[in-house]
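Single-structure report; data block below.
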Amino acid sequence: MFDNSLKAYEAAKKVIPGGVDSPVRAFKGVLGTPPFIDRGEGAYLFDIDDNKYLDFVQSWGPLIFGHCDKDIEDAVIKTAKKGLSFGAPTLLETQLAQEIVEMYDYLDKVRFVSSGTEAVMSAIRLARGVTKKDDILKFEGCYHGHSDSLLVQAGSGLATFGTPSSPGVPADLIKHTLICEYNNIQSLKKCFEESSDIACIIIEPIAGNMGFIPASEEFLQECRDLCDKNNALLIFDEVMTGFRVSMTGASGLTSVNADIITFGKVIGAGMPVGAFAGSSFIMDHLSPDGTVYQAGTLSGNPVAMAAGLVSLQKLKSMPSIHAELNKKALRLVEGLKKAADANNIPFVVNTRGSMFGFFFCEKEPKNFKDVASCDFDAFAKFHNEMLKKGFYFACSQYEAGFISSVMDNKMIDECIDAAKIIMKDLKNA
Ligand SMILES: *Cc1c(COP(=O)(O)O)cnc(C)c1O
């Protein structure tokens, strides 16, 4: 029943490295082969063998209104007919920037780019430019795109300076990236003791790239305090959580304010958009007003801006949408947990707004090392069997899940019913 996809995968592998344009799509984590997608419709995906899946991946986050939302589609088509790109200012960019800064007391200006990677890379250059310092601090397990300085893994033992996590990243460059443990205040303090040259902390305030793990309020507050004491900037990477976990993302769920927030995913509603925002003082360091260089031929692309604008306006017009999506997320994870519990399978769950996560684990993971001790075998089996039954979850325990507004309770209950059968089989395996 995956015949066409299997053939397509073989053909793709001949001309595209690994057959995919982003590695996670290759299903390596679950030892599967990826269905090739033909189309989306509302809450569902259809592959080229005409299998239908309830989609909990949502293009890895952007599609909070599901596939082919009529309003977004109309705006995209209407804008595309006026020309795809001008490399000159358009009204849409100002409108989208206005929508964003209106939501936050402490953000004045936004710069648009074309991906989350670019947003974070530029935010870090800006932080370095503003503070005139070189080191950056990130947390093990947080993902901030694939730019050089951020492809770092923890060194051995207690080393706070990381090592490159990919060939091609110069160790010379990585010596400016300190790495500490998420939700671990001691580890954070140690980094500030070791370097007096820290330009910024970059953090996913709710991590979605080592599975779903929120940072504690106490931990975020410590990040803020250490930045203030050491003249460093705090960057919240909300590429995944922005407009997803609440209207103002993870920032809206904590009393801690960041200096720079990066956006992506939902902000483009499926079109390639990223953005970073901060106070006028910080953002005015960017060229052309300031000296920190940053640019992009397709930045602020009108079609992408139109999609983002409609999407944010729609969200704003539905003040209870995140609460409603969270109810559905809770219904799903509580149902999955019950199914696991009934078979004595260790399983923990969590949600914020329209995001959810689950781990095959005894105890809720607080950091990357905790996740590594979860049962990846059980996850892979669960994933493969759910896929066969028509439920499309992210193909790695290191990823989060997403609810879209077009998912209803009946769809979620169907998913839980399928999980009940699979959990029973998992126990007997
Ligand atoms: C997806 C993601 C990125 C990278 O965004 P791309 O658009 O894939 O470049 C950066 N940070 C976080 C938190 C993400 O989830």
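The values are calculated or read from the model by the stated rules, or taken from the named source; none is laboratory data. Computed from a predicted structure; not experimentally measured. Methodologically, a virtual Cβ is constructed for each residue, glycine included, from the backbone with ideal geometry; neighbour enumeration extends over all protein chains shown. For accessibility, only protein heavy atoms count, side chains too; no ligands or nucleic acids. Shrake-Rupley method; radii C 1.70, N 1.55, O 1.52, S 1.80 Å.
Some notes on this structure:
- Residue list for the stretch 182-210, restricted to those being within 24 Å of the chain's Cα centre (by Cα) and among the charged types (D, E, K, R): E204
- Within the stretch 247-260, being hydrophobic (A, V, I, L, M, F, W, C) and either open to solvent by 10 Å² or more (accessible area, probe 1.4 Å) or within 11 Å of the ligand (Cβ to nearest atom) (or both) holds for M247, A250, L253.
- Within the stretch 271-297, tally of residues that are surrounded by fewer than 16 Cβ atoms within 10 Å (Cβ to Cβ) and not polar (S, T, N, Q): 7
- Those residues of the stretch 377-417 which are aromatic (F, W, Y) and touching a Ser or Thr at 6+ places or on another chain (Cβ under 9 Å), in sequence order: F379, F402
- Of the helices (runs of 4 or more DSSP H) contained entirely in the stretch 274-364, those carrying at least 1 residues that are in contact with a Pro (Cβ under 9 Å, 6 or more places away or on another chain) fall at 302-316, 321-341.
- From the list R244, R224, the lone residue that is of a type in the set (K, R), surrounded by 24 or more Cβ atoms within 10 Å (Cβ to Cβ) and in contact (Cβ under 8 Å) with a residue 12 or more places away in the chain is R244.
- Residues in the stretch 405-424 that are among the small types (G, A, S) and buried (at least 22 other Cβ atoms within 10 Å of the Cβ): A419 alone.
- Selection status of I185, in contact (Cβ under 8 Å) with a residue 24 or more places away in the chain, β-branched (V, I, T) and open to solvent by 20 Å² or more (accessible area, probe 1.4 Å): yes
- Any hit, the stretch 59-77, residues being among the polar types (S, T, N, Q) and over 20 Å from G242 (Cα atoms): no
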